[in-house]
1. Compute the acute angle (0 to 90°) between the alpha-carbon long axis of helix 472-492 and the principal axis of greatest extent of the alpha-carbon atoms of the chain; round to the nearest 10°.
2. What spacing in nm lies between the two simple spin-label points modelled at Ala491 and Thr447, each 7 Å away from Cα in the Cβ direction?
3. How much area per residue is accessible in the chain when the probe is 1.4 Å and only protein heavy atoms are counted (Å²)?
4. Once amide H atoms are placed 1.01 Å from N in the peptide plane, what residues at a sequence separation of 5 or more from Ala293, or on another chain, have their amide H within under 5 Å of its amide H?
5. Run the accessible area of region 301-458 with a 1.4 Å probe and give the carbon-and-sulfur part as a rounded percent.
6. Taking only C-alpha pairs under 8 Å that are 6+ residues apart, what is the relative contact order of the chain in percent?
7. Output the antiparallel fraction of DSSP beta bridges having both residues in region 95-143, as a percent to the nearest 5.
8. To the nearest 500 deg cm²/dmol, what mean residue ellipticity at 222 nm is calculated for the chain from DSSP H runs of n ≥ 4 alone, each contributing -39,500 (n - 2.57), summed and divided by the residues?
Amino acid sequence: MATPFHAQYLALVAEIEARFAVSRWTSGDAHLWPLARMDLYLDLYRQHVADPEAGRPSQVARGLRTLAQPLATLGRRDNVILRPHPADILFLGDGVSVERIDGAWEDRYGEPLMAVLEGDGARCLHLQPGRRTPWRRPTLAVDLIASAAHALAPLVRAPLDLPQHAEVVDFLARQGVPAPSLRPERLARRAMGLRARAQALGLVLDIARPRLAFTTTWYAGLGSALALACRRRGILSVDVQHCPQGGRHKAYGWAGVPAQGYTTLPALFWTWDPADAAHISTWADGHWHQALAGGHPRLGPFLNDADPRTRAWDERFRQAAGGDAQRDILVALQTTGPSAIWDAVADRIAAGPPEWRWWIRRHPAAGPADNRRHARLLALRGPNIRMEPASALPLPALLRHMDAVVSLASGVAAEAVYFGVPALFLSADATGPFGHLAEAGHARVVTDLDTLIPTVAALPKASRRAAQIPNLAAGLRRLEAIAASYRALWADA
């Protein structure tokens with residue numbers, strides 16, 4: 001059920017890794033193919049699915065933003081810290097997998113893990129892009145680290161080694177795939193930035209001296225640089241799953257891996273369930289790269305009706321709802337998609353059954369451009385529209401009470417599965433990464449928006465399926481043992 005774009009990408013990289021020596025693309029000790037492969041994905045995305053309303057900032061604008069963000073960070077004191085401190089555990093967020101709860105931002109996946117670790121006496125150091133404040137906990141702003149790395153980059157240059165590069169580019173050209181990100185000059189800049197960020201993060205690691213380093217979305221921001229900095233020190237780097245995988249995600253399946261692993265991939269992948277861990281284990285060697293099905297960090301309390309925290313959120317949901325509704329539908333907005341689609345959704349909601357209640361939830365990464373994209377939706381008013389509480393309540397607190405989730409192609413659909421809530425995708429592109437949800441009957445695609453209301457009406461009322469509550473503490477204890485083995489492996493290499 002994969003879309004041509006997504007299927008093409010997965011097939012291309014599998015063939016490239018089988019036929020060409022991309023696993024040996026390096027700049028010093030830094031493996032470049034993991035990053036180049038992610039950049040190739042963006043090349044294909046822009047070719048096939050590019051959002052015509054999403055303009056790319058100019059180089060000047062990007063440079064000014066790079067300079068301005070650290071200056072803004074320096075002016076804040078709302079739980080933003082500017083210097084690292086000794087810690088047992090380091091957690092680097094992606095700045096996107098976050099929620100604002102009761103006026104403070106917290107990492108959706110890191111906060112529950114850090115709470116368990118701190119309950120066991122561990123000291124944690126939390127890093128995030130600093131543009132969101134205030135944070136729930138003292139947080140080191142990584143903008144300053146990124147800016148320092150930008151200045152440091154020319155000092156950490158290393159020669160590129162790109163065996164069979166010309167053959168790879170020729171192969172892609174014959175497939176009709178433009179790959180500007182694979183030009184040697186682009187790869188050289190990518191390598192220089194990567195090495196500089198790893199150097200800067202290495203200084204943080206040398207001060208903190210953690211046993212473990214977590215990240216979300218290893219392929220975004222500083223994630224790959226953290227993996228490299230940890231590899232240089234024998235620290236187990238852990239990627240915490242942040243979205244559905246199902247064996248189809250662009251960043252979690254590899255056809256060719258070096259004998260001692262990729263230095264720019266995390267050493268361990270913490271997954272929500274055993275199925276995703278099994279997918280990773282098909283390519284990971286179990287030493288330099290491995291998987292652990294630790295469970296979804298955020299959902300545990302919300303799967304337990306007796307948990308006092310869940311009961312408190314249930315009461316807040318009831319207050320926000322203000323009474324019963326025939327249907328409660330969550331509309332999960334995203335920072336992609338033409339405004340015409342969202343306008344059409346707004347029209348269907350406005351003309352839909354008045355006894356249905358719509359919870360319109362903005363994406364945590366949304367900015368002014370997205371306000372314009374979603375203008376008609378955000379302008380909806382009425383007794384059956386819930387706007388502010390849809391973003392103020394934690395996502396699982398909403399999902400417990402929903403009858404359906406509507407999105408363009410959001411990973412919220414996978415989290416809804418735990419609560420027996422079906423998902424409707426408005427884009428056929430969703431069947432690429434999330435086709436496994438459709439195949440299992442948890443989701444379907446609705447591209448004809450005239451059928452949206454009838455499709456929702458035909459859905460059975462959501463019925464919670466039995467789900468095992470993750471034992472995060474047990475998973476973290478296993479990580480400690482794996483980290484010790486990894487240090488020994490690293491020392492002997």
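The values are calculated or read from the model by the stated rules, or taken from the named source; none is laboratory data. From a predicted model like this one, the values you see are computed outputs, not experimental measurements. For neighbour counting, all protein chains shown are included, and Cβ atoms are generated from backbone atoms with ideal geometry for every residue, glycine included. Surface accessibility is based on the protein's heavy atoms, side chains included, excluding ligands, DNA and RNA. Shrake-Rupley method; radii C 1.70, N 1.55, O 1.52, S 1.80 Å.
1. On a 0 to 90 degree scale, this one is about 10.
2. So the two model labels end up 5.7 nm from each other.
3. Solvent-accessible surface per residue comes out at 41 Å².
4. Amide H neighbours of Ala293: Thr271.
5. Answer for region 301-458 is 52 percent, counting heavy atoms of protein chains only.
6. 16 percent
7. Approximately 50 percent, going by the DSSP bridge assignments.
8. Value at 222 nm, helices only: -13000 deg cm²/dmol.
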